[in-house]
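The structure under discussion appears below in the form of structure tokens.
Just so it is clear, none of the values below were taken in a lab; they were calculated from the coordinates. Treat the numbers as computed from the prediction; the structure is a model and nothing was measured.
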Amino acid sequence: MNNNKLLATGLIGTVIAALCCFTPVLVILLGTVGLSAIVGYLDYVLMPTLGIFLFMTIYALWKRQTA
């Protein structure tokens, strides 16, 4: 994967995961759709996802700097 694509994917994923983690966007959306029963399990999915995308962004920045 190209470093620019990797960086873009990491940044977009980080922003989306951060918005879903730290704002009630996903809670409101799930409540509207009728899936509010799974709101309690969002932390088990969103925090590792945020970590993966942050790692991907840091890795892409590191590869860009060393190349």
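Worth a mention:
- Rounded to the nearest 10 degrees, the inclination of helix 42-66 to the longest alpha-carbon principal axis of the chain is 10 degrees.
- With helices as the sole contributors, the chain gives -27500 deg cm²/dmol at 222 nm; each DSSP H run of n ≥ 4 counts as -39500 (n - 2.57), and the sum is divided by every residue.
- When the chain is reduced to its Cα atoms, the Kirkwood hydrodynamic radius in Å: 12.9 Å
- Angle of helix 3-22 to the longest C-alpha principal axis of the chain, folded into 0 to 90 degrees and rounded to 10: 30°.
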